[in-house]
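Let me begin by presenting the structure, written as structure tokens, before commenting on it.
The values are calculated or read from the model by the stated rules, or taken from the named source; none is laboratory data. Predicted model only: the values in this text are computed from it and were never measured. Quick reminder, even Gly has a Cβ in these numbers, built from the backbone with ideal geometry, and neighbours come from all protein chains shown. Please note that ligands, DNA and RNA were not included when accessible areas were found on the heavy atoms of the full protein model with its side chains. Shrake-Rupley method; radii C 1.70, N 1.55, O 1.52, S 1.80 Å.
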Amino acid sequence: MDEDRITEIVGQWRRERPDLDPSPLLIIGRIQQLSEALDAALRPPFAAADLGNGEFDVLAALRRAGEPYTLTAGQLSQRMLVTTGAVTKRVDRLITRGLVSRSVSEADARGRVVGLTPAGVTLTDQLIEEHLANEAALLRGLSDIDRSALERLLSTLARAVTP
């Protein structure tokens with residue numbers, strides 16, 4: 001659905017239901033459209049690396065943690081905004097690939113930590129370079145002023161809709 005189609009849909013609702021304000025579709029519809037387009041544009045490098053949805057998030061969270069690139073499942077859950085169950089499934093797949101390991105915590109023998117393997121560090125460093133270049137290319141059409149305004153507006157919207 002392109003911008004003109006969204007405008008057309010809003011116009012149709014205004015005609016059919018003049019008692020309603022369909023203008024939120026102009027924003028929400030475009031955000032949904034952008035979400036799909038961004039996923040399609042950003043997903044290929046991860047797919048080429050045979051990473052499922054969310055698996056790069058695990059690798060990136062561990063890499064951002066700094067050496068020794070380890071976090072508990074709870075810490076990963078908080079940093080990725082997903083449940084610990086989702087973290088466990090992703091970690092299990094990454095262990096199979098040799099990109100992360102799970103070991104006993106030095107701080108608490110009952111706890112476990114997840115850490116990047118050397119192969120995981122290498123892959124994450126390669127993918128983050130490509131990912132950030134892709135994101136920069138997608139934003140190339142926006143001026144610095146527009147980017148700052150959009151960042152501020154999206155931050156405000158996120159605070160308004162996120163519990």
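Scanning the stretch 14-31 for residues that are among the aliphatic types (A, V, I, L, M) and either part of a helix (DSSP H, G or I) or touching a Ser or Thr at 6+ places or on another chain (Cβ under 7 Å) (or both) turns up Leu25, Leu26, Ile27, Ile28, Ile31.
Helices (runs of 4 or more DSSP H) fully within the stretch 32-82 that include at least 1 residues being touching a Leu at 6+ places or on another chain (Cβ under 7 Å) and open to solvent by less than 20 Å² (accessible area, probe 1.4 Å): 44-48, 55-64.
Can Arg63 be described as at pLDDT 95 or above and within 29 Å of Ile31 (Cβ to Cβ)? For Arg63, the condition - at pLDDT 95 or above and within 29 Å of Ile31 (Cβ to Cβ) - is met.
In the stretch 85-113, of all residues being part of a loop (DSSP other than H, G, I, E, B) and open to solvent by less than 40 Å² (accessible area, probe 1.4 Å), the one that is modelled with the lowest pLDDT corresponds to Ser105. List the pairs whose first member sits in the stretch 38-57 and is touching a residue at least 40 places away in the same chain (Cβ under 8 Å) and among the polar types (S, T, N, Q), whose second member is in a helix (DSSP H, G or I) and open to solvent by 40 Å² or more (accessible area, probe 1.4 Å), and whose Cβ atoms are under 7 Å apart, counting only residues at least 6 apart or on separate chains? No pair meets every condition. For the stretch 1-11, indicate whether the set of residues that are within 24 Å of Gly115 (Cβ to Cβ), hydrophobic (A, V, I, L, M, F, W, C), at pLDDT below 95 and part of a loop (DSSP other than H, G, I, E, B) is non-empty. Within the stretch 1-11, not a single residue is within 24 Å of Gly115 (Cβ to Cβ), hydrophobic (A, V, I, L, M, F, W, C), at pLDDT below 95 and part of a loop (DSSP other than H, G, I, E, B). Condition (residue is in contact (Cβ under 8 Å) with a residue 40 or more places away in the chain and either closer than 18 Å to Pro118 by Cβ or of a type outside the set (D, E, K, R) (or both)) applied to the stretch 85-95: is it met by at least one residue? Within the stretch 85-95, none of the residues are in contact (Cβ under 8 Å) with a residue 40 or more places away in the chain and either closer than 18 Å to Pro118 by Cβ or of a type outside the set (D, E, K, R) (or both). Picking from residues in the stretch 6-31 that are charged (D, E, K, R) and surrounded by 11 or more Cβ atoms within 10 Å (Cβ to Cβ), the one that is farthest from Leu99 (Cα to Cα) is Arg14. Pairing residues of the stretch 147-163 that are under 21 Å from Ala137 (Cβ atoms) with residues that are surrounded by 10 or more Cβ atoms within 10 Å (Cβ to Cβ), at Cβ distances under 8 Å and at least 6 apart in sequence or on separate chains, gives Arg147/Leu139; Leu150/Leu142.
Report whether or not Leu142 is open to solvent by less than 70 Å² (accessible area, probe 1.4 Å), in contact with a helix residue (DSSP H, G or I) (Cβ under 8 Å, 6 or more places away or on another chain) and either farther than 30 Å from Pro68 by Cα or part of a loop (DSSP other than H, G, I, E, B) (or both). So Leu142 fits the description; yes. Among the residues here, Glu151 does not qualify as open to solvent by 70 Å² or more (accessible area, probe 1.4 Å) and either at pLDDT below 95 or among the basic types (Lys, Arg) (or both).
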